[in-house]
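Some notes on the structure that comes next.
Only the coordinates and a few stated rules stand behind these numbers; no lab work does. Treat the numbers as computed from the prediction; the structure is a model and nothing was measured. With ideal geometry, Cβ positions are generated from the backbone for all residues, glycine too; neighbour counts draw on all protein chains shown.
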Amino acid sequence: MNEDRDNRTFMSVKYSKLNTDEEISAQLNSDDDTEVSVRATHSRAGRKPSDERSGNTGNGVTGTFTVEEAVEQLGIGWFQFQLWAITGLFSVADACEMMLLAVLSPVLRCDWGLSQAQVAMITTVVFIGMGVLSPMWGMLADRYGRRNNLLLASFVVWYFGLLTSFSPTYAWVLILRGLVGGGMAGMPHGFTLLTEYLPQKYRAKILIFGTVCWASGTMFEICLAAIVIPRLGWRWLLFLSSMPCLAIIVLFKFLPQSARYLVGAGRKHEALKILKYIAKTNKTKMPEGELVAETQEDRGNPKLLFSRMYMRTTFQVWILWFGTALTYYGMVLASAEILQLHNTKEAGNQGCKCNLLKHDDYVSMIVSTLGEFTSLPLNMLLIDVIGRRWTGAINFMGCSVFFLLIQLHVSQGLLTFFIFAVRGFSSGIFNFVYIYTSEVYPTSIRASGLGSSSMFARVGAMITPFLAQVLLEESLTAAVWVYASICAFCAINAVLLPIETMGKALPQVVA
């Protein structure tokens, strides 16, 4: 009887406490990943974080650490700079393809005698391709890794972008640009990869600084169009615009796999090898102890986006992405249309629809693009002070106000300033949704969350050509009020997000 009571006491201690390393050592005798994970969970009880990171458990047992803790200790260095530069090329390539739609539309309208609806369709098919394939790219990135996913996406964009320059008819332009859009849907996961290697203290600021890459790509495309279209024509512009993707393919060997993904996929030793490389590159020390395996077998499962913890967040984030793409791409496309409309009014000719962009128009587009750089200091200051949600709300409201000002009959200089302001705030919105989405979802569904959100962004982007190019031609006032109202609604939605991610570690698996 005493023996039975002793056994019950032992079992009670075993399953209810497990607070000492002696008990853990008695229960765990092998090094397989499942047991390491259990040991990591229980050995943390009653220990200080400093003891855990140093490997000192107080009883001579080797400590453990997670990828999150390793990334925090390894800090910022040459590895992150190199990764930022390579993943920045994805933003450059994406921006080139997006801005290409704005500068290409007036030329094709004149060369092929296209209607406004046909011109808008060239943009819409790109976003259809992106919207249809975005969830697929996200699931693939979560299931098979970010790295190979990015290589395939870059090749698709480069190959079909190159083929578009040889298009014999309008129909072929639509088909090939749709395929380019399908490839572009996979490129935002370069942002996911960069996010997963940044310490929490610097994460938001470095990600916001990625705006430089996007804005640089936009300015490069405008300058390229100003030089190439008058001299060589639009086909050469398409050919040269595909070159950033070729550069990515060439530099791909320097792109690492995500250590967070590798741990989640059960490939702990590969993750440890990358972390050691980071320590060597950054000239810092690895945490002592054993890397914890945090495996989730159903990673990439879209059902996890609707788990109890994330359902409300998912629906609200989708609305924000819809409004973000509608706003940003709407301003990119509308900038050329507004300038053309201004030129038509100045010339007193309401009947001619074939007005090629002039030198001054390209200058105005470049100046307005500089607005994206002005959002950098504001958002870098706000995002870690007032939080992600309020930063997003401020940018949405800024867009709303300056969209309404565009309808005023003013000089081209002041009109350029209004467009400049909208571009700046809309760029800040994109920073906000990318950062928030990458931080709020765990590694096991981070790319899936970004992919599904991107799908809703493309729905907004599919609609926006008909607002920025078709409705705007009929009524500038109606178009800007639609944009302003959607921005104001999204500002409220941003404030009401259920989770604030400022100052929090990146989650690894769905609880």
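The table that follows gives values for the structure above.
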item: Hull-based mean projected area of the stretch 130-228, where the convex hull spans the alpha carbons, in square nanometres; result: 7.6
item: Cα-Cα over 29 Å, subset of K205/K303; K253/K303; K201/K280; K201/K303; result: K205/K303; K253/K303; K201/K303
item: FRET efficiency estimate (nearest 0.05) - Cβ-Cβ, V385 to T477, R0 30 angstrom; result: 0.25
item: Two-site label geometry, W112 and K504: point separation in nm, points 7 Å out along Cα→Cβ; result: 4.7
item: Peptide ranges 165-173, 401-409 listed from the most packed, as the mean C-beta count within 10 angstrom indicates; result: 401-409, 165-173
item: Two-site FRET efficiency, R312 against R231, from Cβ-Cβ distance with R₀ of 45 Å, rounded to 0.05; result: 0.25
item: Low-density loop cleavage sites - trypsin sites (Lys or Arg not before Pro) in the stretch 411-511, where at most 12 other Cβ are within 10 Å (DSSP); result: K504
item: Cα shape, the stretch 224-271, gyration tensor, a/c 1.5 rule; result: prolate
item: Shape of the stretch 249-302, Cα gyration tensor, a/c cut at 1.5; result: oblate
item: Sequence-distant residues sharing a close amide H with M502 (under 5 Å, placed H); result: R388
